[in-house]
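The block underneath contains the structure these notes are about, expressed in structure tokens.
The values are calculated or read from the model by the stated rules, or taken from the named source; none is laboratory data. Just so it is clear, the structure is predicted and the values come from calculations on it, not from any experiment. Here Cβ is always computed from backbone atoms with ideal geometry, including for glycine, and neighbour counts include all displayed protein chains.
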């Protein structure tokens with residue numbers, strides 16, 4: 001810091017700590033007269049670490065003046081360059097676009113803080129990395145595909161605007177499994193995302209870039225989207241906390257759809273407390289006709305008409321951070337769904353260890369059976385039926401006079417500007433998406449599936465029999481592995497089994513959270529095992545309470561070893 005002080009005194013300009021240290025090792029002879037004058041109190045020393053740093057850590061140093069927002073954002077940009085783009089590094093390929101406005105946005109926050117002495121909001125100077133299917137007015141929104149590389153929406157997605165209003169900085173856009181079609185995690189614009197823990201392993205999907213980047217601390221928090229597991233699966237293989245919110249809680253305005261009946265955006269973070277803060281900024285009533293915030297879970301239900309109606313239906317708290325209780329496992333009742341455990345020895349061992357630790361922390365953990373589970377999970381996603389028309393509706397929501405973007409699914413399909421592995425998906429989606437309302441399979445997997453699954457998952461949570469008679473005390477959450485293995489070899493999809501289906505088929509919220517670390521191959525990097533908790537509709541507070549207590553008690557997350565703090569120059 002001595003070198004930094006010397007440089008500021010000499011030049012009167014703001015510079016980064018790293019630049020100052022690389023430029024100077026101390027004051028030269030020209031500074032002797034300065035050094036002989038009375039000194040001001042020493043500037044506070046920054047303690048923030050980019051690797052695993054939290055929002056609280058960051059804002060403590062910002063408030064004290066030990067860091068500027070400019071320095072923070074530059075530090076993350078340096079990490080992105082070193083670990084995502086530079087040859088010879090991990091080359092995670094998790095980022096599609098870096099914002100050219102991020103440093104200017106940081107400077108504006110610094111100026112405001114200097115003039116008012118107040119943070120601009122709960123996400124003041126928090127670098128946020130959204131998946132590249134979420135609209136940002138200052139960057140393209142491509143869904144990872146060359147077909148949409150010129151696509152420049154004319155405004156922010158509703159949730160992006162809310163994040164900016166809370167003081168967050170959109171630092172870039174994350175790579176993804178192209179068009180959110182699957183779990184491999186590659187796309188035609190940037191290629192294959194790599195796992196932050198082991199670059200020979202896959203990152204999951206479809207929010208692959210968000211998962212790898214946040215795990216590697218290339219941004220502070222991220223946003224994914226989840227149709228059938230796309231927040232929770234990459235969170236499981238990257239050791240993250242990922243929340244798939246209750247359907248209707250988060251507006252879908254400005255998000256490239258896959259299946260609106262199941263789609264939602266959700267936070268992806270290294271800690272529960274950071275996810276709680278990000279979720280605070282994402283929720284809220286949106287009057288847009290594209291919000292998909294409906295008065296009921298029925299797909300044809302009318303849109304919610306007012307903030308009052310939204311608040312009554314969703315029971316949104318003033319802040320999810322009020323549920324960050326370290327003793328939240330005491331008295332918690334957790335139902336374990338062993339039918340979803342699979343056969344992987346590493347996963348089973350990690351789950352059993354976690355269950356025992358939860359009991360040790362004061363939770364009641366009991367086995368539970370979901371009635372007719374095999375039938376519940378025999379239903380399927382409706383992506384192939386809804387993508388065609390919903391993509392066309394999204395693309396036609398703004399003029400292509402300036403950016404020349406394609407306006408319809410058919411134009412995108414005909415362009416061929418996407419990975420060849422997705423050709424068959426475009427063909428089948430084109431067929432199935434033609435007049436889906438006349439398709440019996442589509443009707444079965446919406447109008448029949450949703451109430452059937454909700455009734456049986458609710459019975460398991462309520463711990464009652466078919467007649468509604470108690471089998472014991474109700475459960476707060478259901479618990480099961482997030483996926484049935486660890487990260488697969490790169491280019492392959494993780495083994496999800498049917499575990500990812502319960503939340504989208506019911507609209508109930510689910511949280512992916514690390515259970516622990518395992519060493520699948522002796523001598524190879526350790527990999528995360530993720531578990532998932534499912535709660536009742538709009539009961540995100542319970543997920544946050546139990547998840548935070550588990551995190552603080554077990555401390556299951558370990559940082560990747562390939563993306564350490566950058567050496568000071």
| said: Can you list the helices (runs of 4 or more DSSP H) lying wholly within the range 30-85 that have 3 or more residues being over 23 Å from residue 215 (Cα atoms) and modelled with pLDDT under 90? | reply: 32-35
| note | Among residues of the range 86-97 being touching a residue at least 60 places away in the same chain (Cβ under 8 Å) and in a loop (DSSP other than H, G, I, E, B), the residue nearest to residue 131 (Cα to Cα) is 94
| message | Quick check on residue 527: is it crowded, with 18+ Cβ neighbours inside 10 Å, within 16 Å of residue 240 (Cα to Cα), assigned by TED's automatic domain parsing to the domain that holds residue 182 and touching a helix residue (DSSP H, G or I) at 6+ places or on another chain (Cβ under 9 Å)? | response | yes
| In the range 278-297, is there at least one residue being over 23 Å from the mean Cα position of the chain (by Cα), free of Cβ contacts under 8 Å to residues at least 40 places away in the same chain and within 23 Å of residue 445 (Cβ to Cβ)? | yes
| request: For residue 213, work out the one condition from (1) outside any loop (DSSP other than H, G, I, E, B); (2) surrounded by fewer than 24 Cβ atoms within 10 Å (Cβ to Cβ) it doesn't fulfil. | output: (2)
| Do you know which of the residues in the range 98-109 that are free of Cβ contacts under 8 Å to residues at least 60 places away in the same chain and part of a helix (DSSP H, G or I) is surrounded by the fewest Cβ atoms within 10 Å (Cβ to Cβ)? | 104
| query | Of all residues in the range 148-162, which are in contact with a helix residue (DSSP H, G or I) (Cβ under 8 Å, 6 or more places away or on another chain) and buried (at least 24 other Cβ atoms within 10 Å of the Cβ)? | reply | 148, 159
| task | Look through the range 356-368, keep the residues that are out of contact with any strand residue (DSSP E or B) (no Cβ under 8 Å at 6 or more places or on another chain) and part of a loop (DSSP other than H, G, I, E, B), and return whichever of them is nearest to residue 467 (Cα to Cα). | result | 362
| said: Between 475, 480, which is part of a strand (DSSP E or B), within 28 Å of the chain's Cα centre (by Cα) and closer than 30 Å to residue 330 by Cα? | reply: 480
| helices (runs of 4 or more DSSP H) fully within the range 369-453 counting 3 or more residues that are surrounded by 13 or more Cβ atoms within 10 Å (Cβ to Cβ), touching a residue at least 40 places away in the same chain (Cβ under 8 Å) and on the phi > 0 side of the Ramachandran plot | none
| request: Please verify whether the range 245-255 includes one or more residues that are surrounded by 24 or more Cβ atoms within 10 Å (Cβ to Cβ), closer than 21 Å to residue 559 by Cα, touching a helix residue (DSSP H, G or I) at 6+ places or on another chain (Cβ under 6 Å) and at pLDDT 95 or above. | output: no
| What are the residues in the range 291-320 that are assigned to a helix (DSSP H, G or I) and either surrounded by 16 or more Cβ atoms within 10 Å (Cβ to Cβ) or outside the structural domain of residue 537 (by TED's automatic domain parsing) (or both), if any? | 310, 313, 314, 320
| request: Please go through the range 340-355 and pick out each residue that is farther than 13 Å from residue 529 by Cβ and touching a strand residue (DSSP E or B) at 6+ places or on another chain (Cβ under 8 Å). | output: 340
| note | Conditions (1) within 25 Å of the chain's Cα centre (by Cα); (2) modelled with pLDDT under 95 -> residue 300 fails only (1)
| message | Go through the range 164-193 and report how many residues are under 19 Å from residue 104 (Cα atoms), surrounded by fewer than 24 Cβ atoms within 10 Å (Cβ to Cβ) and touching a strand residue (DSSP E or B) at 6+ places or on another chain (Cβ under 8 Å). | response | 1
| Just a yes or no: is a residue in the range 348-355 in a helix (DSSP H, G or I) and touching a helix residue (DSSP H, G or I) at 6+ places or on another chain (Cβ under 8 Å)? | yes
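Tell me whether the range 531-554 contains one or more residues that are at pLDDT 95 or above, assigned to a loop (DSSP other than H, G, I, E, B) and under 20 Å from residue 185 (Cα atoms).
no
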